[in-house]
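Novice: Quick one: the structure is below, and I'll ask about it shortly.
The values are calculated or read from the model by the stated rules, or taken from the named source; none is laboratory data. Just so we're clear, the structure is a prediction, and the values are computed from it rather than from any experiment. Don't worry about glycine lacking a Cβ; one is built from the backbone with ideal geometry, like all the others, and counts go over all protein chains shown.
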Amino acid sequence: MNYFSTLITLLRDRPIFLEEIRNGTKLESKIVALIVASSLFFAIYGAIVGASSGWQQMLLSTVKLPALYLLTLLICLPTLYFFDILFGSKATFKQYTALSLTTVSVISVLLFSFAPVTLFFLISIRDYHFFLLLNVAIFALTGFIGVQLFYRGIKSVMKFDEKTPQIRQRLLLFWLVLYGLVGSQLGWTLRPFFGAPGEPFQLFRPIESNFYVQIIKSIRWFLLEN
Amino acid sequence: MKSDLEDLIISQDQLEQLTELEVGKIFMGGVVRPSALRSLGQLLSFLMTEFSILAVVFIVCLGVGLVIVRSWASFNNLLGLIAVVIGVTITVAIAWNGYQWQRYKVLKTLSHLLDEVDRHNDIVHTIRVMDELRLAQSPGSDPGIPNRAEIIAALEATRDSLISALMTERILRCHQAVLQHGRDLMGSIETNLAALQALHVSNQSTEYQQFLQEALEIGLAVQQEMMTKTGGDS
């Protein structure tokens, strides 16, 4: 099974790929290929960000990052499926799975494409807060692009038009917000993905405040302390 | 490829249409084809697939495990957690292979047919290569191998037989439950018919004899119909 050719088809011939999902063509092999390929790319990016704090953190982040994205999907997918079929969708669970995996796959490829940049800054600038903010920016950008493509993709596959109930569009937007919230909270729960300077290897950080408060703290530190 | 040879190939798309399953060199409907394991390249590809899927299972299970133990204040046994996750992954691997084996029982006939399709396609490819070699050796002359027309006719017959067999296999596979129900129904019909015949014999002199005769006739007609429908399956 060639996982990467499926991923390349998704990136290169997106309309054809979405058409195949709409027609239910080879959904199982698409799902397996997208899961495996995206997990590999996430694992590579996880290893790079984890490498900032030693080999133990590197190994753990290799697992944590793909787990973060796959678990977020696992948690959020049933909500999307059941609510959407409740309001008139005829698509199958496999079609929803394949569609949502296109998001995860696009994010993984974009993260992978940022890997040399992250590696460069990891080697050249030993600044924890800068590295943290850089990665938050990269995760936010890739996530935004992935989610946007998913939004367009699902509207195309489900053939959204003027006759489509407004509630389904709102529901989709609600789900995207939910996906972002679950993802960020899960990321916060699973941290650290890269250890803080001078601290020993940690499986987890103590739970303190939340993701958004920490980002504001880092921005403040970066702007005022530097 | 010459158009007559092109038409002889049974393509993957055709196979998928005929079988209503995803068919590849290694998998058919998500189940491994035993013949694929005889080739080293395909065996490695299968092992890579199995390893990749188990790696993903390991990652997801470890992720779930980390989220669970996160709330345990005194947790510091990462190796213990990894051991549990490996245990779960092995259990999933055993369950997956067990499921594969169960599914293979249903798809055994298809597996054999697909092997024959591969053999058929290989022959067509070989003829194409021989045609090309002959054309290269004597440009401008007739590229045909000796008895080419007979071979093509034989392959056409083989192709038709394979397509018929694949269609029959799909119909039998898709309607297995109905056919099983049909066999049960047949048993029930025969039991009912025997009861009707017994009633008919014991009531020949009564005023209900005409009704029983009609019931017996209906029973015989139904039995005949069911035998015609399920005759090919038994």
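Novice: Just to be sure I understand, how many residues within the stretch A:174-211 are within 14 Å of chain B (Cβ to nearest Cβ), surrounded by fewer than 15 Cβ atoms within 10 Å (Cβ to Cβ) and within 17 Å of A:LEU73 (Cβ to Cβ)?
Specialist: 1
Novice: Looking at the stretch B:49-78, I want the residues that are under 30 Å from B:PHE27 (Cβ atoms) and have a partner that is of a type in the set (D, E, K, R) and outside any loop (DSSP other than H, G, I, E, B) with Cβ atoms under 9 Å, at least 6 apart or on another chain. Which pairs are those?
Specialist: Matching pairs, first to second residue: B:ILE59/A:LYS64; B:LEU62/A:LYS64; B:GLY63/A:LYS64.
Novice: While we're on this one: Listed residues A:LEU68, A:LEU74; which is crowded, with 23+ Cβ neighbours inside 10 Å, within 15 Å of A:GLY187 (Cα to Cα) and within 14 Å of chain B (Cβ to nearest Cβ)?
Specialist: Sole residue among the options that is crowded, with 23+ Cβ neighbours inside 10 Å, within 15 Å of A:GLY187 (Cα to Cα) and within 14 Å of chain B (Cβ to nearest Cβ): A:LEU68.
Per-residue answers, yes or no, for (1) among the aromatic types (Phe, Trp, Tyr); (2) assigned to a helix (DSSP H, G or I); (3) within 11 Å of chain A (Cβ to nearest Cβ):
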position	(1), (2), (3)
B:ASP4	no, yes, no
B:ILE10	no, no, no
B:LEU21	no, no, yes
B:VAL64	no, yes, yes
B:VAL67	no, yes, yes
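Novice: Continuing with the same structure: Residue check: is B:ILE59 part of a helix (DSSP H, G or I), surrounded by 15 or more Cβ atoms within 10 Å (Cβ to Cβ) and under 31 Å from the mean Cα position of the chain (by Cα)?
Specialist: Judged against the criteria, B:ILE59 is not a match.
Novice: If only one of B:THR89, B:THR126 is away from every other protein chain (no Cβ under 14 Å) and either assigned to a helix (DSSP H, G or I) or of a type in the set (Ser, Thr, Tyr) (or both), which one is it?
Specialist: Matching residue, one of B:THR89, B:THR126: B:THR126.
Novice: Hey, does the stretch A:72-86 have a residue that's part of a helix (DSSP H, G or I), closer than 17 Å to B:ILE59 by Cβ and among the β-branched types (Val, Ile, Thr)?
Specialist: yes
Novice: What is the one condition in (1) exposed (fewer than 15 other Cβ atoms within 10 Å of the Cβ); (2) at pLDDT 80 or above that B:ARG128 does not satisfy?
Specialist: Against the list (1) exposed (fewer than 15 other Cβ atoms within 10 Å of the Cβ); (2) at pLDDT 80 or above, B:ARG128 comes up short only on (1).
Novice: Can you tell me which residue among A:ALA115, A:ALA98 is of a type in the set (A, V, I, L, M, F, W, C), at pLDDT 90 or above, in contact with a Lys or Arg (Cβ under 8 Å, 6 or more places away or on another chain) and surrounded by 14 or more Cβ atoms within 10 Å (Cβ to Cβ)?
Specialist: Result: A:ALA98 is the single residue among A:ALA115, A:ALA98 that is of a type in the set (A, V, I, L, M, F, W, C), at pLDDT 90 or above, in contact with a Lys or Arg (Cβ under 8 Å, 6 or more places away or on another chain) and surrounded by 14 or more Cβ atoms within 10 Å (Cβ to Cβ).
Novice: Residue under question is B:ILE59, and the condition is that it be β-branched (Val, Ile, Thr), over 30 Å from B:THR126 (Cα atoms) and out of contact with any helix residue (DSSP H, G or I) (no Cβ under 7 Å at 6 or more places or on another chain); does it hold?
Specialist: When the stated conditions are applied, B:ILE59 does not pass them.
Novice: OK, next. Whether any residue in the stretch A:42-60 is farther than 23 Å from A:PHE121 by Cβ and of a type in the set (A, V, I, L, M, F, W, C) is what I want to check.
Specialist: no
Novice: Considering only the stretch A:119-127, I want to know if a residue exists there that is charged (D, E, K, R) and modelled with pLDDT under 90.
Specialist: yes
Novice: List the pairs whose first member sits in the stretch B:110-125 and is among the small types (Gly, Ala, Ser), whose second member is assigned to a helix (DSSP H, G or I), and whose Cβ atoms are under 9 Å apart, counting only residues at least 6 apart or on separate chains?
Specialist: What qualifies is B:SER111/B:PRO34; B:SER111/B:SER35; B:SER111/B:TYR104.
Novice: Taking only pairs six or more apart or across chains, which ones have beta-carbon atoms under 7 Å, a first residue in the stretch A:41-65 that is under 16 Å from A:PRO197 (Cβ atoms), and a second residue that is among the hydroxyl-bearing types (Ser, Thr, Tyr)?
Specialist: A:VAL49/A:SER61; A:VAL49/A:THR118; A:GLY50/A:SER61; A:GLY50/A:THR62
Novice: Considering only residues of the stretch B:23-53 that are assigned to a helix (DSSP H, G or I), hydrophobic (A, V, I, L, M, F, W, C) and buried (at least 16 other Cβ atoms within 10 Å of the Cβ), which is nearest to the other protein chains (Cβ to nearest Cβ)?
Specialist: B:ILE53
Novice: Could you check A:MET158 against (1) more than 13 Å from the chain's Cα centre (by Cα); (2) modelled with pLDDT of 90 or more and say which number it fails?
Specialist: (2)
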